[in-house]
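The values are calculated or read from the model by the stated rules, or taken from the named source; none is laboratory data. Everything numeric in this text was worked out from a predicted model, so none of it was measured. Please note: Cβ atoms are built from the backbone with ideal geometry, for glycine as well, and neighbour counts cover all protein chains shown.
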Amino acid sequence: MAQVSRGRRLMGEINVVPYIDVMLVLLIIFMITAPLLTQGVKVNLPKAHAQPLPSNQAKDPVVLSVDAQGQLYLNIASDPRAALDPDAVQAQVSAALQGAPDRAVIVKADRSVSYGIVMQAMVLLQRAGADKVGMATDPLPPQQSRAGG
């Protein structure tokens, strides 16, 4: 007996709708979690015209953040979001620079912090063995040319 197939015909195409749904869900997940992955503390940096540091460093730079209350945070600490006392900052930076003395050291200070507190932070880094210390700033918005004159 020969079977006669009535009904549906076989499709030779792949249904990609489920794959698109999965990709959109993954995109939403990454969009939500990406801002949470930034390390360090949110500080309101001053704006300046400055050239970015060269990216030829083998290791990430040591970043000392000073928030608006003058508390110190270190990106290489076990918990980058926990405030540290000056002695702990000095010890951790010193240990990090012993392994790589040419490692970049950057201070990210909130614009509302007094100059004296920023200088104290830089003195801590100097005592820890940092020869050159950079200051982090946000770029200025591009100047719009005036029409007319």
- Where residues in region 95-111 are outside any loop (DSSP other than H, G, I, E, B) and either without any contact (Cβ under 8 Å) to a residue 40 or more places away in the chain or touching a helix residue (DSSP H, G or I) at 6+ places or on another chain (Cβ under 7 Å) (or both), which of them is surrounded by the most Cβ atoms within 10 Å (Cβ to Cβ)? Ala109
- Query: If you check Ala91, Ala58, Ala77, Ala95, which single one turns out to be more than 30 Å from Leu140 (Cβ to Cβ), modelled with pLDDT under 80 and either within 21 Å of the chain's Cα centre (by Cα) or not acidic (Asp, Glu) (or both)?
  - Reply: Ala58
- Task: Scan Asp67, Asp21 and give me the residue that is among the charged types (D, E, K, R), surrounded by 11 or more Cβ atoms within 10 Å (Cβ to Cβ) and either over 17 Å from the mean Cα position of the chain (by Cα) or at pLDDT 90 or above (or both).
- Result: Asp67
- Message: Filter region 74-94 down to the residues that are under 19 Å from Lys132 (Cα atoms), in contact (Cβ under 8 Å) with a residue 24 or more places away in the chain and outside any helix (DSSP H, G or I) and list them by number.
- Response: Asn75
- Message: Every residue in region 115-131 that is part of a loop (DSSP other than H, G, I, E, B) and free of Cβ contacts under 8 Å to residues at least 40 places away in the same chain, please.
- Response: Ala128, Gly129, Asp131
- Residue check, Ala136 against (1) among the aliphatic types (A, V, I, L, M); (2) under 20 Å from the mean Cα position of the chain (by Cα); (3) modelled with pLDDT of 90 or more, all met but one. Which one? (3)
